[in-house]
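These notes concern the structure reproduced below.
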Amino acid sequence: MPSIEKSFGRQAFGLNPAAYHAARPEYPDWVFDMLVGRCGLGPGASVFEIGPGTGTATRRLLDLGANPLMAIEPDARLADFLEATNATPALQVLRAPFEEAVLPEGAFDLGISATAFHWLDEEVSLEKVARLIRPGGWWAAIWHVFGDDMVIQLLAHRIA
């Protein structure tokens, strides 16, 4: 199976953000139910989202109370679209690769990546995730299994 270079993948989807957004499948309600019921997502939860793209998951995170929500997006075109379509003071968009982004350590209740973590240096990024989330907070990785519209996977882990 051919693979796509991570550096290419970080920039490939910003050519036409509106079309990309329209083509992205939504995440089902059960994903957000689990984030609320198990992972502490709710009003005032401090959240960071890695690779939000056009905001397929971002809007739901905001609607469920994430505030602040720090979205780390390396593609400026996608970041611009994200801000334009989710105008709220709760959303802060940082235009940088996650590995290089400067974020306060131990400041977040929940970290999330929805179908974006595979574009990162996984080892470096997981170590950083663990430093950013306060003790007792949660890390959640969500992804579509493309080719099967019915399969969504979610991994949630509590940080000690």
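The values are calculated or read from the model by the stated rules, or taken from the named source; none is laboratory data. This is a predicted model, so every value here is computed, not measured. Ideal geometry is used to build each Cβ from the backbone, glycine not excepted, and the neighbour counts take in all protein chains shown. All accessible areas refer to the heavy atoms of the entire protein, side chains included, with ligands and DNA or RNA removed. Shrake-Rupley method; radii C 1.70, N 1.55, O 1.52, S 1.80 Å.
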Response to the item:
Of the residues in the range 37-63, those that are on the phi > 0 side of the Ramachandran plot and surrounded by 23 or more Cβ atoms within 10 Å (Cβ to Cβ) come to GLY51, GLY53, GLY55
Practice prompt. State all residues of the range 70-90 that are open to solvent by 20 Å² or more (accessible area, probe 1.4 Å), out of contact with any Pro (no Cβ under 8 Å at 6 or more places or on another chain) and not in a loop (DSSP other than H, G, I, E, B); if no residue qualifies, say none.
Written response: MET70, ALA76, GLU83, ALA84, THR85
Worksheet entry | Filtered residue count, the range 121-153, keeping only those that are assigned to a loop (DSSP other than H, G, I, E, B), modelled with pLDDT under 90 and not small (Gly, Ala, Ser) | 6
Worksheet item: For the range 95-106, does any single residue satisfy the condition of being under 17 Å from TYR27 (Cβ atoms) and either open to solvent by 30 Å² or more (accessible area, probe 1.4 Å) or of a type in the set (Ser, Thr, Tyr) (or both)?
Response: no
Worksheet item: What about LEU41, is it touching a residue at least 12 places away in the same chain (Cβ under 8 Å), under 16 Å from HIS157 (Cβ atoms) and assigned to a loop (DSSP other than H, G, I, E, B)?
Response: yes
